1. Could you work out what % of the accessible surface of the chain is carbon and sulfur, using a 1.4 angstrom probe and leaving DNA, RNA and ligands out of the count?
2. Which one of Gly42, Val92, Ser53 has its Cα pushed farthest toward the positive end of the charge dipole of segment 1-93, where Lys and Arg give +1 and Asp and Glu give -1 at the Cβ?
3. What does the net charge come to around Lys86 if you take all other residues with beta carbon closer than 14 Å to its beta carbon, with K and R at +1 and D and E at -1?
4. Are there any chymotrypsin sites (Phe, Trp or Tyr not before Pro) in segment 1-103 that are in a DSSP loop and have at most 13 other Cβ atoms within 10 Å? List them by number.
5. Compute the relative contact order of segment 47-115 as a whole-number percentage, counting only Cα pairs closer than 8 Å that sit 6 or more residues apart in sequence.
6. With every protein chain present, what is the per residue accessible area of the chain (1.4 Å probe, Å²)?
7. With +1 on the Cβ of every Lys and Arg and -1 on the Cβ of every Asp and Glu, and nothing else charged, how large is the dipole of the chain about its Cα centre, in debye rounded to the nearest 20?
Amino acid sequence: QVHLVESGGGLVQPGESLRLSCTASGSIFSALTMGWYRQAPGKQRELVAEMYSGRSPNYADSVKGRFTISRDNAKNTVYLRMNSLKPEDTAVYYCNVRFIGANYWGQGTQVTVSS
């Protein structure tokens, strides 16, 4: 069992930046994929960014060029750097880590972009 804890959300103005962190209770070294999803009120959860073992990250078109996903295996942590935030980025952001035969979600962290 792996527990994921997100942090770094908050209220920012348009154009500002945030960095989300997702720390796992166990090693993420063997994870197949690690990613960030988000869910805005009244909308379905959607993929924001995902890292695959041995492959380049995948980003939603709406965040390409603004968001960057990265990982630190030594800290068992996945990050999402979000630049040039827009009001439409407002959502609860969830961390996801997949292993062979297991899929884990964090509890979510709220990101609100508003002037």
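The values are calculated or read from the model by the stated rules, or taken from the named source; none is laboratory data. It should be emphasised that the depicted structure is a prediction, and the values quoted were computed from it without experimental measurement. FYI the Cβ positions are ideal-geometry reconstructions off the backbone, even for glycines, and counts take in every protein chain you see. What goes into the accessible areas is simple: the full protein's heavy atoms, side chains included, and nothing from ligands, DNA or RNA. Shrake-Rupley method; radii C 1.70, N 1.55, O 1.52, S 1.80 Å.
1. Values: 2920 of 6100 Å².
Here carbon and sulfur together make up 48 percent of the probe-accessible area.
2. The residue sitting farthest along the positive end of the dipole is Ser53.
3. Values: positive: Arg38, Lys64, Arg66; negative: Glu16, Asp61, Glu88, Asp89.
Charge balance in the 14 Å sphere: -1.
4. Details: sites: Phe29, Trp36, Tyr37, Tyr52, Tyr59, Phe67, Tyr79, Tyr93, Tyr94, Phe99; in loops: Phe29.
Within segment 1-103, the qualifying chymotrypsin sites (Phe, Trp or Tyr not before Pro) (loop, at most 13 other Cβ atoms within 10 Å) are Phe29.
5. On the way: 84 pairs, mean separation 14.5, N = 69.
Relative contact order comes out at 21 percent.
6. On the way: 6100 Å² over 115 residues.
Heavy-atom SASA per residue in the chain reads 53 Å².
7. On the way: 12 positive and 8 negative charges, 32 e Å.
The dipole magnitude comes to about 160 debye.
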